[in-house]
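Asker: Shown below is the structure under consideration.
Laboratory data are not the source of any read-out in this text; all were calculated from the coordinates shown. Since the model is a prediction, treat every value here as computed from it, not as a measurement. Cβ: placed from backbone, ideal geometry, glycine included. Neighbour counts: every protein chain shown.
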Amino acid sequence: MINTDFLDQLDRFHLVVKKRVTSNYIGPRKSIATGRGLTFKDHRIYSPGEDIRLIDWKVFARTDDLYIKTFEEEKNLTAHIIMDSSASMGFGRPISKFDYAAMLGVGFAYLAMRENEKFQFSTFAESLDVFQPRRGMSHLASMVFHLNNTKTRGYSKLADAMMQYKKVIGSKSLLVLISDFLIDVEEVIEALYTLGDHEIKIVQILDPIEKDLKYSGDFKLIDSESKSMLRTYISPRLRVEYQQMLDKHAAKIEETCNKLGYHFHQITNDTPVFDAFYRVLE
């Protein structure tokens with residue numbers, strides 16, 4: 001549950017990280033980029049040592065002077081925040097993984113709002129719920145209301161959701177995808193390859209019990225998504241095997257993120273949320 005105390009804390013947090021965030025991700029800004037910009041801006045005289053591929057030879061043919069093209073590169077980013085609302089995200093104590101993810105998501109939206117930027121938030125499980133990108137406090141309030149009233153349920157169809165979502169992403173954007181990613185790793189990898197060339201942060205939220213299984217003895221385990229039940233004995237050997245499988249799972253996701261130039265972060269929901277922000281913003 002996201003409350004007003006959290007929003008008050010965000011306001012103080014914004015003052016601390018404003019310089020870091022606005023210089024890297026969010027904020028209305030244009031840079032005059034020489035070379036591979038998006039929109040032609042002007043010509044200027046060539047200086048020795050500059051890339052000769054930028055010379056406009058047609059101008060040279062007319063004037064006998066060397067000019068290069070300059071371009072205006074639009075860097076006005078929309079922040080896209082996408083959160084997993086499948087049943088497994090309802091797990092966690094004292095706060096569920098979904099509520100923790102919601103606070104992170106609202107935090108990114110808040111930082112965008114304070115820079116007068118558009119932000120778009122979405123949730124997914126078996127289907128994708130997409131809200132239109134807007135600016136302002138009223139949009140943030142709508143986001144908080146929606147997240148506070150979202151019930152975690154169903155399976156995570158991550159690959160399908162990302163295939164749909166890529167259709168709504170416009171120009172270069174900041175995209176934050178938050179999930180526990182506790183599904184087939186091949187589906188996670190397929191989803192990651194769908195997202196394209198954007199500033200992308202992949203945040204895996206795990207409960208400490210999932211991250212470091214310390215229980216032993218007889219247990220009845222219930223899958224939160226399929227509701228299937230398994231009676232098992234958790235032995236020291238089983239704990240080791242579980243840890244190896246989880247580490248391998250996360251390593252494959254991180255390896256894929258590294259290949260694609262994304263930023264991968266694994267965070268447990270007992271981490272102070274503002275410490276998590278600092279980690280993700282680095």
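Asker: Taking the Cα atoms of the range 129-282, what is the range of coordinates along each of the three principal axes, in descending order and whole Å?
Answerer: Computed over the range 129-282, the largest-to-smallest principal extents equal 52, 37, 31 Å.
Asker: What percent do you get for the relative contact order of the chain when only Cα pairs under 8 Å and 6+ apart count?
Answerer: The normalised contact order for the chain reaches 17 percent.
Asker: When the chain is treated as a GNM, springs tying every alpha-carbon pair under 10 Å, which of Phe264, Phe98, Phe145 comes out with the largest mean-square fluctuation?
Answerer: Phe145
Asker: Would you mind checking the tilt of helix 97-114 against the longest principal axis of the Cα atoms of the chain, expressed as 0 to 90 degrees and rounded to 10?
Answerer: That helix lies at roughly 20 degrees to the long axis.
Asker: Ranked highest first by the average count of other Cβ atoms within 10 Å around their residues, in what order do 268-278, 207-217 fall?
Answerer: Highest-to-lowest ranking by the protection proxy: 268-278, 207-217.
Asker: Still on this structure: Please quote Rg/Rh for the chain to two decimal places, taking the Kirkwood radius as Rh and restricting both calculations to Cα atoms.
Answerer: When Rh is taken as the Kirkwood radius, the ratio is 1.08.
Asker: Using 1/(1 + (r/R0)^6) with R0 = 22 angstrom and r between the beta carbons of Ile209 and Asn258, what's the FRET efficiency to the nearest 0.05?
Answerer: 0.20
Asker: State the extension gain, in nm to one decimal, for the chain segment bounded by Asn149 and His14, taking 0.36 nm per residue of separation less the distance between their alpha-carbons.
Answerer: Here the answer is 46.0 nm.
Asker: If you line up the long axis of helix 137-148 against the longest principal axis of the chain, both from Cα atoms, how many degrees apart are they, to the nearest 10?
Answerer: 30
Asker: Testing the spin-label approximation: label points 7 Å from Cα along Cα→Cβ at Lys220 and Asp56. State their distance in nm.
Answerer: Result for the modelled spin labels: 7.7 nm.
Asker: Here is a follow-up. Mean residue ellipticity at 222 nm from the helices of the chain, using -39,500 (n - 2.57) per DSSP H segment of n ≥ 4 over the full residue count, to the nearest 500 deg cm²/dmol?
Answerer: -12500 deg cm²/dmol
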